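Asker: Before I ask anything, let me first share the structure, which is written out below as structure tokens.
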Amino acid sequence: MEKTLAFDVIGAIASGMRSVWLNRNSETIFDPWDLHPTETIHQLEDLIRVLNVKYA
């Protein structure tokens, strides 16, 4: 399994926070426990768009 920061996002979800997962490899599975981040982006530059659109 590829090393990801999925557990950081899982912690945010579990505490009720919004979350964004940077998935640079589209073959990587986020989470086998059926939890999903608020947003998934594929490059860091996409974070600006997500923050401006969703949380402005």
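The values are calculated or read from the model by the stated rules, or taken from the named source; none is laboratory data. Keep in mind it's a predicted model, so treat the numbers as computed, not measured.
Asker: Within the chain, can you find the residues that are aliphatic (A, V, I, L, M), at pLDDT below 85 and in a loop (DSSP other than H, G, I, E, B)?
Answerer: Of everything in the chain, those that are aliphatic (A, V, I, L, M), at pLDDT below 85 and in a loop (DSSP other than H, G, I, E, B) turn out to be MET1, LEU5, ILE29, LEU35, ALA56.
Asker: Which of the residues belonging to the range 6-40 are farther than 23 Å from VAL53 by Cα and of a type in the set (Val, Ile, Thr)?
Answerer: Selection gives THR28, ILE29.
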